[in-house]
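S.K.: Let me give you the structure first, and then I'll get to my questions.
The values are calculated or read from the model by the stated rules, or taken from the named source; none is laboratory data. Quick caveat, the model's predicted, so the values are computed rather than measured. Cβ sites come from the backbone with ideal geometry, for glycine too, and all protein chains shown count toward neighbours.
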Amino acid sequence: MKVLVIGAGNMGLTYAEGMAKSSMLNRKNLMIFDKSAEILTSLSSIDHFDVYDRIEDCLPEADVVFIAVKPYHCEGLFEEIKSHVNDQQIFVSLMAGITIKKIQDGLGVKKVVRSMPNLPAQVGKGVTSYTEAREVSRVELLMIRNLLDTTGESIKVKNENFIDASTGISGSGPAYVFYFMQSMLEAALKMGFSQHDSKILVSQTFEGAVELFNQSDLSPNTWMERVASKGGTTRAALDSMEDNNVKELIKDAAYAAFDRAVELGKEEA
Ligand SMILES: NC(=O)c1ccc[n+]([C@@H]2O[C@H](COP(=O)([O-])OP(=O)(O)OC[C@H]3O[C@@H](n4cnc5c(N)ncnc54)[C@H](OP(=O)(O)O)[C@@H]3O)[C@@H](O)[C@H]2O)c1
């Protein structure tokens, strides 16, 4: 199997690196294409994939093609590459808001997988949701899943609505966590801790809580009750959050991202 990644930006490179580090592909079977001369020069010293600046030299060779350009570049890209595609190739889109139909129509192909990655893919801890056009076979989908899993974990979702929904949870989600972290950092600094100590207090707290959660079957609610005793300090913090409706506000934020993803899809249609 030969894989081509189109677009060597944040996400394209993350996936290329993930696939290169896995045992799934060797160097000769991983290609990357970008139109930016600056990016191509910066990649020229990397030896775990081949870098191309002419689509006709790489696309016809590929069995699987990852599309990792910004959504607003997709139409120009489709025009540029459509004469080099064939109907056996599988196209895996990482582009937010671009529908399977739009890719099928734009490229004149049928086998399309649409996915929604997230930023922790950069450190092998990403989660990618994906769904496929009906022309993609089970075996092909399993192969794509294995490629997606090289950057973390993946979940198959029922339809494209869930791709937009996962944008609201996992795609945009790292920013919600950073928002919470930033708030706690600011509180720690205000209490008089140094930058260094504030960072350790906050990052270990997040890491430790996630580890506890992952190593048990307990819900976050149960863990909260375990930390909070009646009349104690944690109860005072949780009561303050409840009084300020923080949980509802976070849910509203997730829905705002979900709604925006749907809206973007319509704008692009
Ligand atoms: N970053 C995230 O956290 C994240 C999360 C979920 C989904 N995504 C999706 O991932 C996709 C890529 O995002 P990104 O942040 O990696 O973007 P990016 O850093 O801008 O990378 C895209 C790369 O593709 C290149 N490019 C543009 N048009 C091209 C063309 N016609 N042929 C070849 N290369 C072309 C760009 O070159 P120029 O810079 O010269 O235009 C750039 O190097 C987006 O569609 C986004 O929706 C990203």
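S.K.: Given the condition more than 23 Å from TYR130 (Cβ to Cβ) and either modelled with pLDDT of 95 or more or among the acidic types (Asp, Glu) (or both), answer yes or no: does some residue in the stretch 167-177 qualify?
M.R.: Taking every residue of the stretch 167-177 in turn, none turns out to be more than 23 Å from TYR130 (Cβ to Cβ) and either modelled with pLDDT of 95 or more or among the acidic types (Asp, Glu) (or both).
S.K.: Do we have GLN122 as part of a helix (DSSP H, G or I), polar (S, T, N, Q) and touching a residue at least 60 places away in the same chain (Cβ under 8 Å) here?
M.R.: Spelling it out, GLN122 is indeed part of a helix (DSSP H, G or I), polar (S, T, N, Q) and touching a residue at least 60 places away in the same chain (Cβ under 8 Å).
S.K.: Let me ask something else about it. Go through the residues of the stretch 45-61 one by one and say whether even a single one is part of a loop (DSSP other than H, G, I, E, B), more than 24 Å from the chain's Cα centre (by Cα) and either within 10 Å of the ligand (Cβ to nearest atom) or in contact (Cβ under 8 Å) with a residue 24 or more places away in the chain (or both).
M.R.: Checking the stretch 45-61: at least one residue is part of a loop (DSSP other than H, G, I, E, B), more than 24 Å from the chain's Cα centre (by Cα) and either within 10 Å of the ligand (Cβ to nearest atom) or in contact (Cβ under 8 Å) with a residue 24 or more places away in the chain (or both).
Per-residue answers, yes or no, for (1) surrounded by 12 or more Cβ atoms within 10 Å (Cβ to Cβ); (2) closer than 23 Å to LEU148 by Cα; (3) modelled with pLDDT of 85 or more; (4) not charged (D, E, K, R):
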| position | (1), (2), (3), (4) |
| --- | --- |
| LEU30 | yes, yes, yes, yes |
| LYS35 | yes, no, yes, no |
| THR41 | no, no, yes, yes |
| VAL51 | yes, yes, yes, yes |
| ALA62 | yes, yes, yes, yes |
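S.K.: Considering each residue of the stretch 81-90, count those that are within 13 Å of the ligand (Cβ to nearest atom) and part of a strand (DSSP E or B), and give that number.
M.R.: The total comes to 0.
S.K.: Let me ask another. Quick check on the stretch 138-158. Is at least one of its residues surrounded by fewer than 17 Cβ atoms within 10 Å (Cβ to Cβ) and touching a Gly at 6+ places or on another chain (Cβ under 7 Å)?
M.R.: No: zero hits.
S.K.: Still on this model: Out of all the residues in the stretch 173-217, which are farther than 21 Å from GLY126 by Cα, in contact with a helix residue (DSSP H, G or I) (Cβ under 8 Å, 6 or more places away or on another chain) and surrounded by fewer than 13 Cβ atoms within 10 Å (Cβ to Cβ)?
M.R.: GLN195, ASP197 - these are the residues of the stretch 173-217 that are farther than 21 Å from GLY126 by Cα, in contact with a helix residue (DSSP H, G or I) (Cβ under 8 Å, 6 or more places away or on another chain) and surrounded by fewer than 13 Cβ atoms within 10 Å (Cβ to Cβ).
S.K.: Let me ask you something else. Just checking, does the stretch 105-115 include any residue being away from the ligand (no atom under 13 Å from the Cβ), modelled with pLDDT of 95 or more, touching a Leu at 6+ places or on another chain (Cβ under 9 Å) and hydrophobic (A, V, I, L, M, F, W, C)?
M.R.: Yes: the stretch 105-115 contains one or more residues that are away from the ligand (no atom under 13 Å from the Cβ), modelled with pLDDT of 95 or more, touching a Leu at 6+ places or on another chain (Cβ under 9 Å) and hydrophobic (A, V, I, L, M, F, W, C).
S.K.: VAL109: assigned to a loop (DSSP other than H, G, I, E, B), of a type outside the set (S, T, N, Q) and within 22 Å of GLU267 (Cβ to Cβ), yes or no?
M.R.: Judged against the criteria, VAL109 is not a match.
S.K.: Can you tell me which of (1) touching a Phe, Trp or Tyr at 6+ places or on another chain (Cβ under 9 Å); (2) within 13 Å of the ligand (Cβ to nearest atom); (3) within 23 Å of GLU79 (Cα to Cα) is the one VAL64 doesn't meet?
M.R.: (2)
S.K.: Can you find a residue that is buried (at least 18 other Cβ atoms within 10 Å of the Cβ), part of a strand (DSSP E or B) and within 22 Å of the chain's Cα centre (by Cα) anywhere in the stretch 13-26?
M.R.: No; the residues of the stretch 13-26 include none that is buried (at least 18 other Cβ atoms within 10 Å of the Cβ), part of a strand (DSSP E or B) and within 22 Å of the chain's Cα centre (by Cα).
S.K.: Checking the conditions here, which among TYR130, TYR72 is part of a strand (DSSP E or B) and farther than 19 Å from MET31 by Cα?
M.R.: Testing whether each residue is part of a strand (DSSP E or B) and farther than 19 Å from MET31 by Cα leaves just TYR130.
S.K.: Being buried (at least 17 other Cβ atoms within 10 Å of the Cβ), closer than 18 Å to THR150 by Cβ, touching a Lys or Arg at 6+ places or on another chain (Cβ under 8 Å) and not hydrophobic (A, V, I, L, M, F, W, C) is the requirement here; does SER115 meet it?
M.R.: Here the answer is no, as SER115 does not meet what is asked.
S.K.: Does MET95 count as within 13 Å of the ligand (Cβ to nearest atom), closer than 17 Å to GLU75 by Cα and of a type outside the set (Gly, Ala, Ser)?
M.R.: Criteria met by MET95.
S.K.: Look through PHE206, PHE258 and report the one residue that is aromatic (Phe, Trp, Tyr) and farther than 19 Å from PHE180 by Cα.
M.R.: PHE258
S.K.: A further question follows. Consider THR205 carefully, then state whether it is at pLDDT 95 or above, hydroxyl-bearing (Ser, Thr, Tyr) and within 33 Å of the chain's Cα centre (by Cα).
M.R.: So THR205 fits the description; yes.
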